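Asks: Input: one structure, supplied below.
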Amino acid sequence: MVGSMDLDPALPMETVDQATLSMLDCDETPPFPDETVCFHGFGAPSEIPSEDNMWEPVSEKPLLVLLEEDKAYCGPKITICACFLTSKTFEDLKQRKMDVLDKLSGVTNVWVHRKTVMRDLLKTYENSREITQQLVTFSFHGEVGMDLDGLKREAYSLFWKQVLEDYFDGSSTFVPRVSPEIEESTMRTLGRIISHQYVLTGIFPVHINRAFMVAMLCGRQAVSDEDLIGDFLEYISENESQELKAIPAQSDQGELSGESCEFLLDFFSDYQVTKRPSASNLKSTLVQVAKNELLSKPAMAMDEKTELDQIMEDYLEQKEDQARESEKAAEESRDNAAKHKATAEDMRNRAMEPLSEAKKRARSDLPKK
């Protein structure tokens with residue numbers, strides 16, 4: 001803390017990171033415009049360039065990240081929204097999610113260690129299959145806190161950060177790695193975690209490649225060629241992506257420079273493409289490579305994940321079966337109760353018959369007036 005040494009300073013100050021805030025009492029809240037700036041003094045914007053202090057306009061990407069003041073924020077997350085699906089498909093998926101959420105019963109508290117979240121969650125979801133039929137709260141060993149969804153989101157965020165390193169390939173976005181070292185059961189468990197996380201939080205991990213996720217949710221036909229190319233550019237390294245983005249301007253002119261051809265030959269050779277690149281075949285070649293890397297290679301993992309749509313259907317079918325069984329048992333119980341009631345009434349009627357007959361005889365034996 002930095003400020004005046006006077007007992008009653010006129011303008012006490014605090015220095016927080018690289019922004020200086022004046023501590024003033026005012027009748028009205030000063031304006032804070034939505035700009036790429038830091039704020040100095042009485043809400044006046046001033047540029048303070050710093051690698052540690054880069055701000056984006058709040059309105060630029062409203063759906064891609066959680067609020068950064070949320071204590072659970074541990075990197076970018078994404079809701080499924082328009083980044084993945086058309087509005088109609090999203091509404092269908094969102095409604096299915098709500099149906100599944102309404103049918104979850106019971107609450108399970110899961111304890112995890114912050115450094116071993118991946119191992120802890122994989123073990124939990126693999127050993128306890130019924131967990132996907134329940135609501136879940138999270139607790140971190142050695143920490144005090146109540147899970148009001150913040151700890152839940154933090155646990156899943158840490159989980160995916162660790163999982164990407166061991167089970168996924170990519171640069172900015174990732175697809176499941178296909179390797180003999182990765183067991184099929186692990187991929188199935190990852191699929192269950194993705195679906196359960198979405199049901200509980202409405203959030204998918206943003207680092208999973210969008211083309212792969214859309215294909216897993218809606219089928220390959222839902223992924224356009226433009227989507228494939230765009231998502232492939234996020235899958236490869238940043239340097240390769242920048243090089244490829246600069247080439248289409250040349251291809252529009254009908255020819256590629258010698259430097260671009262040399263780069264493309266070297267780049268495509270890593271994906272077993274041997275034909276010489278040209279302005280006419282560049283897009284189709286990129287689409288084919290993207291399909292192979294983002295869809296075909298991870299197809300085994302996609303199958304083992306058992307599409308989220310099918311997992312959600314399994315939830316609903318199982319819950320509907322349980323509801324039908326409960327209704328059948330309740331109906332049988334009502335029928336039995338009705339039978340018992342009828343039997344008791346018959347017994348009372350039979351027991352009352354001799355008394356009724358005796359009363360009739362007694363009345364008949366009375367002297368007539």
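Since every read-out is calculated from the coordinates, none of them should be taken as a lab result. Just so it is clear, the structure is predicted and the values come from calculations on it, not from any experiment. Because the Cβ atoms are built from the backbone with ideal geometry, glycine has one as well, and the counts that use them run over all protein chains shown.
Asks: Can you tally the net charge around Asn127? Count Lys and Arg as +1, Asp and Glu as -1, for every other residue whose Cβ sits under 14 Å from the Cβ of Asn127. Show your work: numbers first, answer last.
Replies: On the way: positive: Arg119, Lys123, Arg129, Arg188, Arg192; negative: Asp120, Glu126, Glu130.
Local charge sum for Asn127: +2.
Asks: With point charges of +1 on the Cβ of Lys and Arg and -1 on the Cβ of Asp and Glu, referenced to the Cα centre of the stretch 211-305, which listed residue (Val214, Asn239, Leu265) lies farthest in the positive direction of the dipole?
Replies: Among Val214, Asn239, Leu265, the one farthest towards the positive end of the dipole of the stretch 211-305 is Val214.
Asks: Quick one: which residues, 5 or more positions from Ile208 or on another chain, have an amide H under 5 Å from its amide H? H modelled 1.01 Å from N in the peptide plane, none for Pro or chain starts.
Replies: Distant-sequence amide H within range of Ile208: Phe174.
Asks: For Val110, what charge total do you get from the other residues with a beta carbon under 10 Å from its beta carbon, if Lys and Arg give +1 and Asp and Glu give -1? Can you show the working numbers first?
Replies: Working: positive: Lys152; negative: Asp120, Asp147.
Result for the neighbourhood of Val110: -1.
Asks: Mind checking which of Gly142, Ile203, Ser171 is farthest towards the positive end of the stretch 87-208's charge dipole, using Cβ charges of +1 (Lys, Arg) and -1 (Asp, Glu) about the Cα centre?
Replies: Ile203
Asks: From the cross-link list Lys123/Lys291; Lys97/Lys152; Lys161/Lys297, which pairs have alpha carbons spaced over 28 Å apart? Display every interim value, and only then the final one.
Replies: On the way: Lys123/Lys291 32 Å; Lys97/Lys152 17 Å; Lys161/Lys297 22 Å.
Those over the limit are Lys123/Lys291.
Asks: Here is a follow-up. What does the net charge come to around Phe138 if you take all other residues with beta carbon closer than 12 Å to its beta carbon, with K and R at +1 and D and E at -1?
Replies: Numbers: positive: Arg114, Lys152, Arg153; negative: Asp120, Glu143, Asp147, Asp149, Glu154.
So the surrounding residues net to -2.
Asks: What's the FRET efficiency of Ser296 with Glu259 using the Cβ-Cβ distance as r and R₀ = 30 Å, to the nearest 0.05? Mind showing how you got there, number by number?
Replies: Details: r = 30 Å, r/R0 = 1.01.
According to the calculation, E is roughly 0.50.
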